[in-house]
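Single-structure report; data block below.
The values are calculated or read from the model by the stated rules, or taken from the named source; none is laboratory data. As the structure is a prediction and not an experimental result, all values here were calculated from the model. Cβ: placed from backbone, ideal geometry, glycine included. Neighbour counts: every protein chain shown.
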Amino acid sequence: MAEIPEEIREGLSTALHEGDEEAAESFTRRALDDGVDPLELIKEVLVPTLTEVGENFQEFRIFLPELMLSGEAAKRAGGLLEAAIEAQGKVVTTLGKVVIGTVEGDIHDIGQNIVTSLLSANGFEVVNLGRNVKPSAFLETAESENADIVGMSALMTTTLPMQRRTVKLFEEVGVREKYKLLVGGGAVSERWVNEIGADGFAPDAAAAVELCKSLLGV
(Lines give C-alpha, C1' and ligand atoms only; values in the text may rest on other atoms or scores of the structure.)
Protein backbone atom coordinates (compact mmCIF):
# COMPACT_ATOMS: atom_id res chain seq x y z
CA MET A 1 0.00 0.00 0.00
CA ALA A 2 1.15 3.51 -0.83
CA GLU A 3 2.00 6.07 1.82
CA ILE A 4 -0.39 8.97 2.30
CA PRO A 5 0.83 11.89 0.14
CA GLU A 6 1.29 15.04 2.20
CA GLU A 7 -1.00 17.00 -0.13
CA ILE A 8 -3.83 14.53 0.49
CA ARG A 9 -3.14 14.34 4.22
CA GLU A 10 -3.31 18.12 4.57
CA GLY A 11 -6.17 18.54 2.10
CA LEU A 12 -8.42 15.98 3.76
CA SER A 13 -7.65 17.32 7.22
CA THR A 14 -8.48 20.86 6.10
CA ALA A 15 -11.70 19.67 4.44
CA LEU A 16 -12.79 18.00 7.67
CA HIS A 17 -11.93 21.05 9.75
CA GLU A 18 -13.87 23.30 7.37
CA GLY A 19 -16.76 20.89 6.95
CA ASP A 20 -16.31 20.78 3.17
CA GLU A 21 -18.06 17.57 2.11
CA GLU A 22 -17.11 17.82 -1.57
CA ALA A 23 -13.43 18.36 -0.80
CA ALA A 24 -13.45 15.56 1.78
CA GLU A 25 -14.86 13.17 -0.82
CA SER A 26 -12.44 14.36 -3.48
CA PHE A 27 -9.31 13.91 -1.35
CA THR A 28 -10.54 10.54 -0.12
CA ARG A 29 -11.11 9.32 -3.68
CA ARG A 30 -7.67 10.58 -4.71
CA ALA A 31 -6.08 8.74 -1.82
CA LEU A 32 -7.83 5.49 -2.73
CA ASP A 33 -6.96 5.91 -6.41
CA ASP A 34 -3.31 6.37 -5.39
CA GLY A 35 -3.40 3.06 -3.52
CA VAL A 36 -3.49 4.42 0.03
CA ASP A 37 -4.69 1.89 2.61
CA PRO A 38 -8.14 3.10 3.76
CA LEU A 39 -7.43 1.90 7.30
CA GLU A 40 -4.29 4.04 7.40
CA LEU A 41 -6.26 7.05 6.18
CA ILE A 42 -8.75 6.56 9.01
CA LYS A 43 -6.02 6.10 11.62
CA GLU A 44 -3.63 8.78 10.39
CA VAL A 45 -6.03 11.50 9.22
CA LEU A 46 -9.69 11.06 10.16
CA VAL A 47 -9.31 10.10 13.82
CA PRO A 48 -6.72 12.73 14.83
CA THR A 49 -8.49 15.46 12.86
CA LEU A 50 -11.88 14.70 14.39
CA THR A 51 -10.33 14.53 17.84
CA GLU A 52 -8.97 18.03 17.27
CA VAL A 53 -12.34 19.25 15.98
CA GLY A 54 -13.98 17.94 19.16
CA GLU A 55 -11.39 19.69 21.32
CA ASN A 56 -11.91 22.94 19.41
CA PHE A 57 -15.65 22.75 20.07
CA GLN A 58 -15.21 22.01 23.77
CA GLU A 59 -12.83 24.96 24.10
CA PHE A 60 -15.18 27.32 22.16
CA ARG A 61 -12.80 27.81 19.24
CA ILE A 62 -15.55 26.59 16.94
CA PHE A 63 -19.30 26.42 17.45
CA LEU A 64 -22.23 24.14 16.73
CA PRO A 65 -22.63 24.84 12.98
CA GLU A 66 -18.94 24.12 12.35
CA LEU A 67 -19.12 20.95 14.43
CA MET A 68 -22.10 19.70 12.43
CA LEU A 69 -20.42 20.42 9.11
CA SER A 70 -17.27 18.58 10.17
CA GLY A 71 -19.33 15.59 11.18
CA GLU A 72 -21.10 15.48 7.81
CA ALA A 73 -17.82 15.80 5.89
CA ALA A 74 -16.37 12.96 7.95
CA LYS A 75 -19.39 10.78 7.23
CA ARG A 76 -18.92 11.36 3.49
CA ALA A 77 -15.25 10.38 3.65
CA GLY A 78 -15.91 7.53 6.05
CA GLY A 79 -18.51 5.96 3.80
CA LEU A 80 -16.03 5.76 0.94
CA LEU A 81 -13.35 4.30 3.19
CA GLU A 82 -15.67 1.66 4.66
CA ALA A 83 -16.69 0.58 1.14
CA ALA A 84 -13.02 0.32 0.16
CA ILE A 85 -12.22 -1.78 3.22
CA GLU A 86 -15.10 -4.13 2.49
CA ALA A 87 -14.02 -4.42 -1.15
CA GLN A 88 -10.63 -5.64 0.08
CA GLY A 89 -12.40 -8.42 1.96
CA LYS A 90 -11.49 -6.99 5.34
CA VAL A 91 -13.87 -6.62 8.24
CA VAL A 92 -14.80 -3.06 9.10
CA THR A 93 -14.18 -2.89 12.81
CA THR A 94 -16.19 -0.50 14.95
CA LEU A 95 -15.51 0.88 18.40
CA GLY A 96 -18.96 -0.25 19.50
CA LYS A 97 -22.65 -0.09 18.66
CA VAL A 98 -24.86 2.73 19.93
CA VAL A 99 -28.66 2.91 19.85
CA ILE A 100 -29.79 6.51 20.13
CA GLY A 101 -33.07 8.39 20.05
CA THR A 102 -35.19 11.18 21.50
CA VAL A 103 -37.57 9.90 24.17
CA GLU A 104 -41.32 9.53 23.83
CA GLY A 105 -43.17 12.84 23.87
CA ASP A 106 -40.18 14.87 22.65
CA ILE A 107 -39.77 15.81 18.99
CA HIS A 108 -36.47 17.70 19.27
CA ASP A 109 -33.83 15.66 17.47
CA ILE A 110 -31.17 18.12 16.28
CA GLY A 111 -28.86 17.39 19.21
CA GLN A 112 -29.03 13.63 18.95
CA ASN A 113 -28.54 13.85 15.17
CA ILE A 114 -25.31 15.76 15.76
CA VAL A 115 -24.19 13.13 18.27
CA THR A 116 -25.06 10.43 15.72
CA SER A 117 -22.92 12.11 13.05
CA LEU A 118 -19.91 12.50 15.32
CA LEU A 119 -20.16 8.97 16.71
CA SER A 120 -20.32 7.55 13.19
CA ALA A 121 -17.41 9.69 12.08
CA ASN A 122 -15.35 8.47 15.04
CA GLY A 123 -15.85 4.79 14.28
CA PHE A 124 -19.02 3.81 16.14
CA GLU A 125 -21.91 1.96 14.52
CA VAL A 126 -25.04 3.96 15.30
CA VAL A 127 -28.71 3.00 15.09
CA ASN A 128 -30.69 6.25 15.18
CA LEU A 129 -34.32 5.66 16.20
CA GLY A 130 -35.30 9.28 15.59
CA ARG A 131 -37.68 11.12 17.87
CA ASN A 132 -40.68 10.28 20.07
CA VAL A 133 -39.18 6.85 20.88
CA LYS A 134 -41.01 4.60 23.33
CA PRO A 135 -39.05 2.90 26.14
CA SER A 136 -39.93 -0.47 24.62
CA ALA A 137 -38.40 0.58 21.29
CA PHE A 138 -35.08 1.44 22.98
CA LEU A 139 -35.11 -1.95 24.70
CA GLU A 140 -36.15 -4.00 21.68
CA THR A 141 -33.58 -2.35 19.41
CA ALA A 142 -30.78 -2.67 21.95
CA GLU A 143 -31.54 -6.39 22.23
CA SER A 144 -31.98 -7.07 18.51
CA GLU A 145 -28.91 -5.06 17.52
CA ASN A 146 -26.73 -6.38 20.36
CA ALA A 147 -25.84 -2.80 21.26
CA ASP A 148 -23.20 -1.67 23.72
CA ILE A 149 -24.65 1.74 24.55
CA VAL A 150 -28.15 3.22 24.58
CA GLY A 151 -28.45 7.01 24.41
CA MET A 152 -31.69 8.81 25.32
CA SER A 153 -32.15 12.49 24.53
CA ALA A 154 -34.75 14.76 26.15
CA LEU A 155 -34.72 18.48 25.52
CA MET A 156 -37.85 19.36 27.50
CA THR A 157 -38.14 19.00 31.27
CA THR A 158 -41.60 17.52 30.74
CA THR A 159 -40.11 14.53 28.91
CA LEU A 160 -37.30 13.82 31.38
CA PRO A 161 -39.45 11.21 33.17
CA MET A 162 -39.35 9.10 29.99
CA GLN A 163 -35.61 8.69 30.50
CA ARG A 164 -36.30 7.37 33.99
CA ARG A 165 -39.02 5.06 32.65
CA THR A 166 -36.70 3.69 29.98
CA VAL A 167 -33.93 2.94 32.49
CA LYS A 168 -36.52 1.32 34.73
CA LEU A 169 -37.73 -0.91 31.89
CA PHE A 170 -34.21 -2.22 31.30
CA GLU A 171 -34.02 -3.01 35.02
CA GLU A 172 -37.43 -4.71 35.13
CA VAL A 173 -36.63 -7.15 32.33
CA GLY A 174 -33.24 -8.00 33.83
CA VAL A 175 -30.94 -6.63 31.12
CA ARG A 176 -29.78 -3.41 32.77
CA GLU A 177 -26.21 -4.61 33.25
CA LYS A 178 -25.80 -5.52 29.58
CA TYR A 179 -25.78 -1.89 28.43
CA LYS A 180 -24.33 1.50 29.21
CA LEU A 181 -27.35 3.79 29.45
CA LEU A 182 -26.61 7.45 28.68
CA VAL A 183 -28.93 10.43 28.84
CA GLY A 184 -28.62 13.83 27.21
CA GLY A 185 -30.45 17.06 26.52
CA GLY A 186 -30.59 20.58 27.82
CA ALA A 187 -32.51 19.66 30.98
CA VAL A 188 -30.19 16.84 32.04
CA SER A 189 -27.75 17.20 34.93
CA GLU A 190 -25.36 14.99 36.89
CA ARG A 191 -27.89 14.94 39.71
CA TRP A 192 -30.55 13.61 37.34
CA VAL A 193 -28.20 10.91 36.06
CA ASN A 194 -27.60 9.69 39.60
CA GLU A 195 -31.28 9.92 40.49
CA ILE A 196 -32.45 7.65 37.67
CA GLY A 197 -29.47 5.29 37.75
CA ALA A 198 -28.08 6.04 34.30
CA ASP A 199 -24.39 5.59 33.48
CA GLY A 200 -23.63 9.17 32.49
CA PHE A 201 -24.33 12.22 30.35
CA ALA A 202 -22.31 14.66 28.30
CA PRO A 203 -22.88 18.41 27.97
CA ASP A 204 -22.24 18.44 24.21
CA ALA A 205 -21.80 16.17 21.21
CA ALA A 206 -18.01 16.09 21.28
CA ALA A 207 -18.03 15.16 24.96
CA ALA A 208 -20.58 12.43 24.20
CA VAL A 209 -18.11 10.78 21.82
CA GLU A 210 -15.36 10.85 24.44
CA LEU A 211 -17.76 9.47 27.07
CA CYS A 212 -18.70 6.55 24.82
CA LYS A 213 -15.03 5.81 24.17
CA SER A 214 -14.28 5.96 27.88
CA LEU A 215 -17.14 3.68 28.88
CA LEU A 216 -16.09 1.05 26.35
CA GLY A 217 -12.38 1.43 27.08
CA VAL A 218 -11.43 2.41 23.52
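In the range 109-218, which helices (runs of 4 or more DSSP H) lie fully inside it and hold 3 or more residues that are in contact (Cβ under 8 Å) with a residue 60 or more places away in the chain and not hydroxyl-bearing (Ser, Thr, Tyr)? Outline the logic, then answer.
Values: elements: 110-121, 135-145, 160-172, 190-196, 205-216.
Helices (runs of 4 or more DSSP H) meeting the threshold: 110-121, 205-216.
Quick one: how many residues across the range 21-43 are of a type in the set (Asp, Glu) and within 19 Å of the chain's Cα centre (by Cα)?
Narrowing the range 21-43 to residues of a type in the set (Asp, Glu): 21-22, 25, 33-34, 37, 40.
From the residues that got through so far, the ones that are within 19 Å of the chain's Cα centre (by Cα) too are 21.
Looking only at that region, the number is 1.
Please work out which residue is surrounded by the most Cβ atoms within 10 Å (Cβ to Cβ), limiting yourself to the range 42-81 and to residues that are charged (D, E, K, R) and in contact (Cβ under 8 Å) with a residue 24 or more places away in the chain.
Filtering the range 42-81 down to residues charged (D, E, K, R) leaves 43-44, 52, 55, 59, 61, 66, 72, 75-76.
In the following step, the residues that additionally are in contact (Cβ under 8 Å) with a residue 24 or more places away in the chain were identified as 44, 52, 55, 66, 72, 75-76.
On the way: 44: 17, 52: 15, 55: 13, 66: 16, 72: 17, 75: 16, 76: 19.
Within the range 42-81, the match that is surrounded by the most Cβ atoms within 10 Å (Cβ to Cβ) is 76.
Within the range 101-112, can you find the residues that are within 13 Å of residue 184 (Cβ to Cβ), out of contact with any strand residue (DSSP E or B) (no Cβ under 7 Å at 6 or more places or on another chain) and modelled with pLDDT of 75 or more?
Listed by number, the list holds a single entry, 106.
Of the residues 123, 105, which is in the same structural domain as residue 136 (by TED's automatic domain parsing) and closer than 23 Å to residue 156 by Cα?
Numbers: 123 fails: closer than 23 Å to residue 156 by Cα.
Result of the check over 123, 105: 105.
Filter the range 11-36 down to residues that are of a type in the set (Asp, Glu) and touching a helix residue (DSSP H, G or I) at 6+ places or on another chain (Cβ under 9 Å) and give me whichever is surrounded by the most Cβ atoms within 10 Å (Cβ to Cβ). Walk me through it before giving the result.
Keep residues of the range 11-36 that are of a type in the set (Asp, Glu), which gives 18, 20-22, 25, 33-34.
This time we only want the ones that are touching a helix residue (DSSP H, G or I) at 6+ places or on another chain (Cβ under 9 Å), so: 18, 20-22, 25, 34.
Values: 18: 14, 20: 20, 21: 18, 22: 10, 25: 17, 34: 13.
Looking at the filtered set, the residue picked out is 20.
Based on what the data block shows, is residue 77 over 21 Å from residue 25 (Cβ atoms), among the hydrophobic types (A, V, I, L, M, F, W, C) and at pLDDT 85 or above? Steps first, answer last, please.
Numbers: over 21 Å from residue 25 (Cβ atoms): no; among the hydrophobic types (A, V, I, L, M, F, W, C): yes; at pLDDT 85 or above: yes.
No.
Restricting attention to the range 3-13, does a residue exist that is among the hydrophobic types (A, V, I, L, M, F, W, C), over 22 Å from residue 114 (Cβ atoms), at pLDDT 90 or above and assigned to a helix (DSSP H, G or I)? If you could, list the steps in order and put the result at the bottom.
Step one: list which residues in the range 3-13 are among the hydrophobic types (A, V, I, L, M, F, W, C), which gives 4, 8, 12.
Filter once more, keeping what is over 22 Å from residue 114 (Cβ atoms): 4, 8.
Okay, now just the ones that are also at pLDDT 90 or above, so 4, 8.
Next cut, assigned to a helix (DSSP H, G or I) only: 8.
Yes, that holds for at least one residue.
I'm told residue 107 meets every condition in (1) β-branched (Val, Ile, Thr); (2) surrounded by fewer than 18 Cβ atoms within 10 Å (Cβ to Cβ); (3) closer than 30 Å to residue 29 by Cα except one. Can you identify the failing condition by its number?
(3)
Going through 92, 53, 98 one at a time, which residue ends up being among the hydrophobic types (A, V, I, L, M, F, W, C), modelled with pLDDT under 90, closer than 30 Å to residue 179 by Cβ and out of contact with any His (no Cβ under 9 Å at 6 or more places or on another chain)?
On the way: 53 fails: out of contact with any His (no Cβ under 9 Å at 6 or more places or on another chain); 98 fails: modelled with pLDDT under 90.
Criteria check complete, one pass: 92.
Can you tell me how many residues in the range 201-218 are crowded, with 18+ Cβ neighbours inside 10 Å and more than 21 Å from residue 71 (Cα to Cα)?
0
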